[in-house]
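Read through the structure below, which is laid out as structure tokens, and then see the notes.
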Amino acid sequence: MSASPDGESLLAPRNLGAFLLVSFIWGGTWLVIRDQISSVPPGWSIAYRFIVASAGMFLLARVRGEPFRLAPGGWPFVVALGIFQFSMNFGFVYRAEGYVTSGLVAVIFALLVVPNAVLGRIFLGQPIRREFVIGSSIAAVGVAMLFAQEYRASPATLGEVLTGAALCVGGILSASTANILQATEGAKRQPLLTLLAWSMLCGVAINAVFALLTEGPPQFDPRPAYGLGILYLGIAGSVVTFPLYYGLVRKVGAGKAAYSSVVVPVVAMILSTMFEGFIWGPLPIAGAVITVIGMVVAMRTRNPPPRRATPEP
């Protein structure tokens, strides 16, 4: 794998706008996922989500004028992203919410910044700058405070919390692997929307087969809330967000793009206040403030101007 260590600033208006939109939308997905798995096995709920998402992504690719055919060498990336991002990542995350609260899963997932930065340094040569380390360390304190609050409020036993945390770690490592793959030069040569559409369709096949083998025949909840949840997760939570997020991965680097996972728990807890009666106390308030401060420090990292791409022979 190889990629240029240079990149754009996350604070550039267009990048920052994409970053905030992704963070706010994904902040609202955790509550919806919780409802999805309350009546339908996770594997089938994931498969339904990406049936909608892949159809929407193919449509978006057509509207944006991208070809349905991949560039040479694209299929290995389709399979890899289908496995790591749209099967394993979501499989771990959905099942984790069967053990612990959605807020706790969101908080644990904020750790995505760590493997993204480390793997980006190892495989892509992307530098880990001092500002990023300092900001991430500050944010880690805030995330720990949010985790403590969520753990106190969680009805789960210690065994359930550990199981849920282990599943979250599996999801984090899967997502980070997909992020790094997406940032490689080989993936960047693929039309982004086309690559995502085929990868999501690959994820549908993998999730459906796995669900059939482990959870039995297809199941569906006829409640309007379940169907609307599928549409929200498939369209807003996937078709809108993944092109924006992976666009950030390609432009600013996997480490800084993953800071969306640090903002998401704060958004999730705000929504929990609105819809679940979550009460803010000194600990979560301080945790949220410290998390945001750390994110701002980390995002102030300045990268050198992008180098011009060398024409291939």
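Observations on the structure shown:
- Gyration tensor (Cα) of the chain, equivalent ellipsoid semi-axes in angstrom: 29, 26, 16
- For the stretch 57-73, putting each phi into the Karplus relation 6.51 cos²θ - 1.76 cosθ + 1.60 with θ = phi - 60° gives couplings of 6, 4, 5, 5, 4, 5, 4, 7, x, 7, x, 7, 8, 7, 6, x, x Hz, in residue order, rounded to whole numbers and with x for Gly and Pro.
- Structure-based [θ]222 nm, the chain - -39500 (n - 2.57) summed over DSSP H runs of at least 4, per residue, nearest 500: -22000 deg cm²/dmol
- Taking SER174, SER272, SER23 in turn, the Gaussian network model of the chain (Cα-Cα springs below 10 Å) assigns the largest fluctuation to SER272.
- Volume per residue that the Cα convex hull of the stretch 1-109 spans, once the total is divided by residue count, Å³: 158
- Percent accessible area from carbon and sulfur atoms, the chain, protein chains only, probe 1.4 Å: 71
- Using R0 = 45 Å, the C-beta based FRET efficiency linking ALA225 and ARG130 works out to 0.45.
- In terms of accessible area, using a 1.4 Å probe and ignoring ligands and nucleic acids, LYS251, LYS256 rank largest first as LYS251, LYS256.
- Using all pairs of distinct alpha-carbon atoms, the Kirkwood hydrodynamic radius of the stretch 86-128 works out to 11.8 angstrom.
- Dipole magnitude (debye, nearest 20) for the chain, charges at Cβ of Lys, Arg, Asp, Glu: 940
- Heavy atoms of ARG62 accessible to a 1.4 Å probe, total area in Å² rounded to 10: 150
- Rotationally averaged projected area of the stretch 112-244 (alpha carbon convex hull; nm²): 11.3
- Of the residues TYR245, TYR48, TYR99, TYR232, ranked by 1.4 Å probe accessible area with the largest first, the sequence reads TYR99, TYR232, TYR48, TYR245.
- Within-12-Å neighbourhood charge of LEU233 [Cβ basis; K, R +1; D, E -1]: +1
- Size estimate for the stretch 178-223 follows the Kirkwood approach: the inverse of mean 1/r over distinct Cα pairs works out to 12.8 Å.
- Each of the peptides 156-163, 27-34 was scored by the mean count of other Cβ atoms within 10 Å over its residues; in descending order, highest first, they stand as 27-34, 156-163.
- Cut-off 13 Å (backbone N to label point 7 Å along Cα→Cβ of ILE122), residues of the stretch 173-213: 173-174, 176-178, 180-181
- The residues of the chain expose, per residue, 44 Å² of accessible area to a 1.4 Å probe.
- The stretch 181-269: translational diffusion in µm²/s, Stokes-Einstein, Kirkwood Rh over Cα pairs, 25 °C, 0.890 mPa s: 159
The values are calculated or read from the model by the stated rules, or taken from the named source; none is laboratory data. Just so it is clear, the model here is predicted, and its values are computed rather than measured. Please note: Cβ atoms are built from the backbone with ideal geometry, for glycine as well, and neighbour counts cover all protein chains shown. Ligands, DNA and RNA are excluded from the accessible area calculation, which covers all protein heavy atoms including side chains. Shrake-Rupley method; radii C 1.70, N 1.55, O 1.52, S 1.80 Å.
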